[in-house]
Amino acid sequence: MEKKNYKAARRLDYTAPEFTATTTEMVFELADDATVVKTNTRYKRLTTNSKAPLRLVGEDLELVSVTIDGFSCKYKEEAGKLIVENVPDEFELQIENIISPIRNSELMGLYKSNGVFCTQCEPEGFRRITYALDRPDVLTKYKVTIFAPEYGCSVMLSNGNLIEQGKKNGRHYTVWEDPFPKPSYLFALVAGTFDILEDTYTTRSGRKVNLQLYVDRGYYDRGKWAMESIKEAMRWDEDRFSLEYDLDNFKVVAVDFFNQGAMENKSLNIFNSIYVLVDKESATDSAFFNVQSVIGHEYFHNYTGDRVTLRDWFQLSLKESLTVFRDQEFSSDVASRTLTRLKAVEVIRGPQFAEDASPMSHPVRPEEVMEMNNFYTVTIYDKGAEVIRMIHTLIGETNFKAGLSLYLNRFDGQAVTIEDFLCCMEEASGYDLKQFRNWYTQDGTPRVSASWKYDSSKKQMLLHLEQHTPATLKQKEKKPFYIPVRTSFLTREGYPEHPAELPTNGVLVLNEEQQDYLFTVLEGSLPVLFRDFSAPVKLSAPYTEQDFKIMLEHCDDPFIKADSSVQLASIYVKHNLEAASRSEDLPVPVALIDAYSYLLDNISADTDLLLLNESLKLPSLSSMMEFSDTISLDALIRIRAHLESSVAVELADRYRKVYETVKAETPAYSVGNMGQRAMNLNALYMLALAYKESSKAEEASKLVIDHYHNFQSMTDKLSAMQTAVHLDLPCKDQILREFEEKWSNDALVMDNFFRVQATCPNEETVFTVRNLLKHPRYDSNNPNRIRALPGAMALSNPVALHRKDGAGYALLCDVVTYLNDKNAHVAARILTPLINYKRFDEVRQEQIVKYLNKLMGMRNLSRSIYEKVEAALKQE
C-alpha cells in the first residue's frame with residue numbers, strides 16, 4: 001500500500017455492522033506453504049429494508065472459491081475486500097482460500113515459526129486467515145476442525161471443548177467447539193509438538209476443570225510455576241470477585257516467536273515463552289514474579305475481555321486497563337502489594353509520562369487511529385489501570401465489586417463501550433462520574449500545585465491545590481480533571497495526625513482549577529499528598545529536604561517513603577543541572593546520603609526489604625529525563641554518575657555490612673528470598689562501585705566474580721554479570737564467556753546475555769550491539785531477540801542511543817529498516833524513543849530528524865512505522 005493511502009480511522013465515524021455472523025465452522029488443512037482454509041459462516045442482516053452487499057476484509061489471501069448456501073454467487077475482490085452481491089437477509093457463505101504460514105514473518109494471523117503453527121488475531125489478524133467481518137462487535141460461535149500430519153503436529157488445539165479426534169485420509173484431526181460467542185480477534189489455533197503438563201482445578205461450586213500447559217520439548221519442569229499460577233489466579237478470582245471459570249478445560253501454550261507478551265483467546269491462551277518458562281536455575285526472581293502476574297492477567301480476561309468484549313478498538317482500554325488493575329490486585333494479594341504498586345508507578349512516571357509529552361500522546365480512549373497496533377501503549381494499559389484504580393479509590397471496594405458484577409451480568413456476551421462500564425459503576429455506587437470521564441477523553445499529564453499556610457490563632461491549616469494540564473498536539477484546551485488526592489498529616493516530629501475535616505477514607509477531591517481545604521492540625525504539621533500515588537499527576541509542592549526526610553522516616557505509606565527518596569534526588573538534580581551543563585565540580589549529595597544512611601542503619605527483622613531496596617535505588621536516567629520538559633541529557637548523565645559514585649563511596653561500610661548479613665536462604669523463588677536477594681545485590685553493586693571509585697578495580701572484580709561463582713540462582717548470576725559489564729570490571733569478559741558457554745543453547749537465557757550488554761550505560765555500547773547483531777545466537781526475526789538487543793538499547797539505554805554523533809540512531813534506523821518488511825509492529829515499538837526529539841538539544845535533534853527522514857523516504861514504508869515517523873516530523 002502506498003503511503004498516501006494511509007488514513008486514520010476516527011472513533012466518531014463508528015457505524016454498526018450491516019451483518020453479523022451467528023455461527024462459523026472452519027476446516028484447516030495445515031501445510032507450511034499452502035494451508036487450505038475452508039470457512040462456512042451463517043450471516044444475518046441487521047439493518048432492515050437494506051439490500052447492501054456483504055463486505056468482508058482479507059489480507060494476503062489466495063481465494064479459491066465463494067458460494068452461498070452451496071451455490072455459486074456474484075462477488076469481487078478489491079483493495080483487501082471481498083464484496084458479495086445480492087445476498088439474502090440470512091444465508092450461509094462458504095469460502096475456501098489458501099494462506100502461507102511459513103512466509104508470515106509479521107506473526108499476525110496464522111503463522112509457523114520454530115516448528116509450531118500458531119495464531120495471533122488481535123487486533124486485526126483474523127483477516128489474514130480468511131475473509132471475514134473482522135471487527136470486535138461481531139460475535140459468533142466457532143466450530144473448528146484441524147487436519148495435520150501426525151509427525152510434527154501431535155498436538156492440535158483451538159478454542160473451547162474437544163468434541164472429536166481421530167485419523168482420516170492419512171492425516172489426524174481434532175474438532176473443537178466453543179459454546180461462547182466471541183469476536184474474531186479471540187480466535188486461536190495451535191499445532192505442534194509439545195511437552196504437556198496436566199492438572200485439575202475444582203471450582204467453588206464443585207465443577208472440575210482440566211488444565212493443560214503446553215511447552216517446548218524438554219521444558220516440562222520450567223512450566224510448573226506457571227501451572228501453579230493458573231490455579232492461584234482461578235482461586236483469587238473466585239475469592240475477590242466471585243468469578244468462576246466457565247468451561248471444562250483451560251489451555252495455555254508457550255511459544256518462542258510471539259509479538260506480544262500473551263494473548264487471552266477464550267480457553268486457549270497463547271503466551272510468549274518468557275512468561276511461562278521459569279525455574280530457579282534459569283530464571284530470575286523478577287521472571288517468576290512476572291510469570292505469575294501475566295498468567296493472572298490473561299486468565300482474568302476470561303470475563304473482562306472475553307465474556308464482555310469491545311464494541312470497537314477505540315474502547316481497547318475497556319478490557320486492558322480493567323484487567324491490568326485486576327492483575328495488579330492479584331499480584332498485590334498473592335505476592336507483594338508494595339513491589340507491585342511501586343513498579344506500576346515507575347511505569348507511569350517514566351514511559352507513560354514520556355508518552356503523554358510526545359507527539360503520539362493520546363487519551364486513554366483515543367479519538368483516531370491509523371495503525372491499531374501502535375495503540376497498545378502504556379497510556380491504554382497502565383494509565384488506564386490508574387484510571388480504574390481512581391474509580392476504586394472514589395467508590396470503595398464494596399461498590400466497585402458490585403459495579404463489576406452488574407457490568408459482567410448486564411453485558412454478558414456483548415460488545416460494549418467504556419461508557420457502559422462507567423454507567424454500571426455509577427449505578428452500583430450512586431457516585432457521579434460525569435466529570436471523571438475527562439480521564440478518558442483528554443490526553444496529557446495533569447500538573448497539580450500545592451501550597452499551605454497556617455493560622456496560629458485558629459490552629460488551622462489552609463491547603464491550596466491547583467491543577468493545570470499543558471496543551472497537547474491535538475488538544476489545546478483542557479477541562480479540569482476529577483482528581484482523588486489521598487492525604488494524611490504528620491507532625492513536625494513525624495507522628496500521624498487525624499484532623500476531623502479529613503474524610504474517613506483520606507481522599508480529597510480536586511475537581512476545579514483551584515480549591516482550598518481547611519484542617520485543624522498542630523502548627524508545623526506536614527500535609528502528605530497523593531498517598532499510594534492516588535492519581536497519575538505531576539505534583540509541585542514546597543516540600544523541603546527536611547520534609548522529605550520526615551516522610552521517608554515516618555510515613556506509613558510505601559509509595560510516599562520510596563518517593564521521598566526519589567524527590568531528594570530530584571531536588572539535587574534541579575539545583576545542579578546548570579553546574580553539570582558547564583562541567584563544574586558537583587557538590588556532595590548530603591541530603592540523599594543522610595537519607596540512605598538512615599535506611600541502612602535501621603534494617604530490622606520487620607523491615608520490608610523490597611520497599612527498602614526500592615527506596616535505595618537512584619532514579620534511572622530515563623526517569624530523570626522526566627524531571628523537566630526539556631532534556632539536558634549530558635548534564636543528567638554526569639549528575640547521575642556523580643550521585644551514584646558519591647553514595648557508594650560514602651556508604652561503603654554500610655553496604656559491606658548489608659552484603660555480608662542480608663542473604664537469601666535458598667536459590668528458590670519466594671517473596672522473602674526476592675527481597676533478601678534484591679538488597680544483597682544492591683549492596684554488591686554499590687560496594688563494587690565504591691572499590692572502583694577508590695582505584696581498587698581488582699578488589700571490585702574479585703568481589704563480583706566470587707559472587708558469580710558462589711551463588712547459584714540466576715538472579716545472583718545475572719546481577720553479578722551486569723555489575724561487571726556496567727562497571728567495566730576486569731572480570732567482565734570471563735563472566736560473559738562462562739555464561740555464554742553454559743547457556744548458549746538456551747534462547748531465553750541468552751536474551752539476558754544480550755540485554756545486559758545492550759543496557760551498559762556507555763556510548764561505546766552502540767558498537768557492542770552492532771557486533772552482537774552478528775552473534776550466532778541472535779535471530780533478527782524473533783521478537784524476543786530483537787527486544788533483548790537493539791530494543792533494549794533503544795528503550796533502556798539513553799546514553800548509547802543518544803550519542804551525539806548519531807551512531808545510536810543509525811543502528812536503530814538500520815534495524816527498523818530491516819524489520820519494515822518483516823515485522824513492522826515490533827519495529828514501530830522500538831522506534832518510540834525518537835518520536836519526541838524536540839525535547840533534546842539541537843545537535844541531537846538534527847541527527848534524529850535526519851534518520852526519521854531517511855525512514856520516511858523508504859519505499860513501501862509500513863503503516864505502523866509511518867504513523868509514528870509522520871507524527872514526529874509534524875511537531876511544531
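Axis angle, to the nearest 10 degrees, between helix 842-856 and the longest C-alpha principal axis of the chain: 10 degrees.
Between segment 300-362 and segment 374-404, the alpha-carbon centres lie 8 Å apart. Short-range pairs are left out: with C-alpha atoms under 8 Å and at least six residues apart, the relative contact order of the chain is 8 percent. Taking all protein chains in place and a 1.4 Å probe, what share, in percent, of the accessible surface of the chain do carbon and sulfur account for? The nonpolar share, carbon plus sulfur, comes to 47 percent.
What separates the Cα centres of segment 649-663 and segment 814-875 is a distance of 45 Å. Computed per residue of the chain from DSSP H runs no shorter than four, each worth -39500 (n - 2.57), the mean residue ellipticity at 222 nm is -12000 deg cm²/dmol.
Label zone of S286 (point 7 Å out along Cα→Cβ, amide N under 17 Å): in segment 696-734 this covers 713-727. Backbone geometry of segment 472-478 corresponds, through the Karplus equation with coefficients 6.51, -1.76 and 1.60 at θ = phi - 60°, to 3J(HN,Hα) couplings of 10, 4, 10, 9, 7, 9, 10 Hz, x marking Gly and Pro. A dipole drawn for the chain from +1 and -1 charges on Cβ atoms has a positive end, and of F126, S713, F250 the residue lying farthest that way is F126. Counting only residues at least eight positions apart within a chain, or on another chain, the lysines with an alpha carbon under 20 Å from that of K804 are K838, K850, K854.
Along the axis of the charge dipole computed for the chain (Cβ charges of +1 for Lys and Arg, -1 for Asp and Glu, origin at the Cα centre), the listed residues V84, F519, M674 are led at the positive end by V84. Residue by residue, segment 228-233 carries 3J(HN,Hα) couplings of 5, 5, 4, 5, 5, 5 Hz when phi is fed to the Karplus relation 6.51 cos²θ - 1.76 cosθ + 1.60 (θ = phi - 60°); x denotes Gly or Pro. Stretching D199 away from T491 to a fully extended chain increases their span by 99.7 nm, per 0.36 nm per residue minus the current alpha-carbon distance. Note on segment 299-449: dipole from Cβ charges, positive end direction compared against V308, C424, Y376; the farthest Cα belongs to C424.
Residues whose amide H falls under 5 Å from that of L82, counting only those 5 or more places apart or on a different chain, are L56, V57, G58, with hydrogens built in the peptide plane. For the residue pairs K112/K868; K479/K538; K561/K702; K574/K696; K343/K478; K224/K343, alpha carbon separations beyond 27 Å are given by K112/K868; K561/K702; K574/K696; K343/K478.
Between the alpha-carbon centres of segment 492-546 and segment 228-264 there is a gap of 40 Å.
Ligands, DNA and RNA are left out, and with a 1.4 angstrom probe the accessible area of the chain is 39 Å² per residue. Approximating the spin labels as points 7 Å out from Cα along Cα→Cβ, the T441-to-E699 distance works out to 6.4 nm. Computed from Cα positions, the angle between helix 633-650 and the longest principal axis of the chain comes to roughly 60 degrees.
Mind pulling the angle between the C-alpha long axis of helix 863-873 and the longest principal axis of the chain? Nearest 10 degrees, somewhere in 0 to 90. Approximately 40 degrees, to the nearest ten.
Between the entries (i) 96, 70, 63; (ii) 113, 70, 62; (iii) 87, 65, 60, the label attached to Cα extents along the principal axes in Å calculated for this structure is (iii). Rounded to whole numbers, the Karplus 3J(HN,Hα) couplings from phi for segment 43-54 are 10, 9, 6, 9, 9, 7, 6, 10, 10, 4, x, 7 Hz, using 6.51 cos²θ - 1.76 cosθ + 1.60 with θ = phi - 60°, and x at Gly and Pro. Distances between placed amide hydrogens fall under 5 Å for V528 paired with S488, F489, L490, all partners being 5 or more residues away or on another chain.
Annotation: peptides 500-509, 305-314, 121-130, ranked by per-residue average of other Cβ atoms within 10 Å with the highest first, follow the order 121-130, 305-314, 500-509. Only Lys, Arg, Asp and Glu carry charge here, each on its Cβ (+1 for the first two, -1 for the last two); on that basis segment 837-876 has a dipole of about 180 debye about its Cα centre. Taken about its Cα centre, the chain carries a charge dipole of about 1420 debye when Lys and Arg each add +1 at the Cβ and Asp and Glu each add -1 at the Cβ.
Extending 7 Å from Cα along the Cβ direction at K74 and again at T504 yields two label points whose distance is 7.1 nm. Net charge dipole, segment 352-484: roughly 620 debye, given to the nearest 20, about the Cα centre with Cβ charges of +1 for Lys and Arg and -1 for Asp and Glu. Summarising the amide proton neighbourhood of F91: residues at separation of 5 or more, or on other chains, whose placed amide H is nearer than 5 Å comprise Y43.
The values are calculated or read from the model by the stated rules, or taken from the named source; none is laboratory data. The model shown is predicted, which means the values in this text are computed figures rather than measured ones. Neighbour counts run over all protein chains shown; Cβ positions are idealised from the backbone, glycine included. Accessible surface areas use protein heavy atoms only, side chains included; no ligands, DNA or RNA. Shrake-Rupley method; radii C 1.70, N 1.55, O 1.52, S 1.80 Å.
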